[in-house]
1. What pairs come out if I take residues in the range 336-357 that are on the phi > 0 side of the Ramachandran plot and at pLDDT 80 or above and pair them with residues that are outside any loop (DSSP other than H, G, I, E, B) and surrounded by 16 or more Cβ atoms within 10 Å (Cβ to Cβ) whose C-beta lies under 6 Å away, six or more apart or interchain?
2. Residues in the range 186-209: is at least one in contact with a helix residue (DSSP H, G or I) (Cβ under 7 Å, 6 or more places away or on another chain), surrounded by fewer than 24 Cβ atoms within 10 Å (Cβ to Cβ), free of Cβ contacts under 8 Å to residues at least 60 places away in the same chain and closer than 24 Å to residue 391 by Cα?
3. Please enumerate the residues belonging to the range 278-302 that are assigned to a helix (DSSP H, G or I) and either in contact with a helix residue (DSSP H, G or I) (Cβ under 6 Å, 6 or more places away or on another chain) or loosely packed, with under 12 Cβ neighbours inside 10 Å (or both).
4. Does the range 404-412 contain at least one residue that is touching a residue at least 60 places away in the same chain (Cβ under 8 Å), surrounded by fewer than 24 Cβ atoms within 10 Å (Cβ to Cβ) and assigned to a helix (DSSP H, G or I)?
5. Only one residue in 363, 406 is within 20 Å of residue 89 (Cβ to Cβ) and in contact with a helix residue (DSSP H, G or I) (Cβ under 9 Å, 6 or more places away or on another chain). Which one?
6. When residues of the range 223-239 are filtered for being surrounded by 14 or more Cβ atoms within 10 Å (Cβ to Cβ) and either over 18 Å from residue 451 (Cα atoms) or in contact with a strand residue (DSSP E or B) (Cβ under 9 Å, 6 or more places away or on another chain) (or both), how many remain?
7. Among the candidates 126, 29, 103, 70, single out the residue that is surrounded by fewer than 18 Cβ atoms within 10 Å (Cβ to Cβ) and under 30 Å from residue 304 (Cβ atoms).
8. With (1) under 24 Å from the mean Cα position of the chain (by Cα); (2) modelled with pLDDT of 85 or more; (3) buried (at least 22 other Cβ atoms within 10 Å of the Cβ) as the list, and residue 167 as the residue in question, which single condition is left unmet?
């Protein structure tokens, strides 16, 4: 069967699944409009899971489906693509491209390898650290795509092919996992973070720093567990490798060039203002939101453009699809809320959340989110469940929306088992470096361990009244 027929068949399957929902009797308590919104939800899940087209195009199809099903007009379906959070994500992608173009990312990857002294354990830690740090600001899959070739180059220095393969699997998985974990720390780190933050800003003041306040501790807990566990899952017999090639390449690069310093300084200042901008504005008597993350990110991009560090040709290749995915997720979530579908779903889920001890609710939310994100796009997960959890918190004063939303959203990071879980895992699957059976086995173990650590962290924070 040709690829064209195969993808056409997938799209027909999406339409059939959506049509089946529309033909079902309307459940009690759900309006006809809410039922059509649920059909839009099913369409979104199906089109993201089956991918008859690439995810960016699938995201645009979601907005078309909302209008076609009569649950949103054209303004409502596409208005979310112009939100400040979208501008912030675009700015972060452009800044990341400046880092990549000027070779900063590769330089620090090489530096971490040289600093390891050739120890496989320390090389893994260094590569994972660089991947995590970059993915706080860069699109996660792009981070993995930049670093995996560096890992392959290093592994190829091992003469024994079997040992080289073991080290390759270890480093590639480490980079992919760490690129996901780094995205926990900031709003810009993951599309699901951006969607969740967008909904949280509608119920309370929610800043860039607010997310970091919880995302950073989560990262600091889960990251070392991931490194330690990966070293025990992937058995590597050769404990030291030759790093002379990395040393030579780093030596050839020389010291940091002025333009690299310029990019790093710009990114550093930008990050500081992202975090502190809201508190600086009143001190300097500046207009409200002039130092908001969206404005600051575009100002930084404009500065680098004026300096000639990046040009429009450089940013044409950034992951524009991430913007479409976030916009579609926000549109879907708001449609479900507007049509009453969120309230209906809230009634169904309410007994599991409101009627249970907090630790039980936390376990259900985190583990369900971590496992489902392997088959449902993490943006869709956030778009569906964040409004539901916020609605539950509005109905039950004993519930705190942030206590529910943050662990659920951060758990979407742990989609490690299937290629459909994320672009990182799809990239690894496409290279054939890791066997599918091993990817699933390692991924499930890592998901369970990470989810358990996240539950322990947020339960502790709640007991200490820090959230």
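The values are calculated or read from the model by the stated rules, or taken from the named source; none is laboratory data. All values reported here derive from a predicted model rather than from experimental measurement. As a convention, Cβ positions derive from the backbone with ideal geometry for all residues, glycine included, and neighbour counts pool all protein chains shown.
1. From residues that are on the phi > 0 side of the Ramachandran plot and at pLDDT 80 or above, the pairs are 340/34.
2. yes
3. 279, 282, 283, 293, 294, 296, 297, 298, 300, 301
4. no
5. Of 363, 406, the one residue that is within 20 Å of residue 89 (Cβ to Cβ) and in contact with a helix residue (DSSP H, G or I) (Cβ under 9 Å, 6 or more places away or on another chain) is 406.
6. 4
7. None of the others qualify; the one that does is 103.
8. The failed condition is (1).
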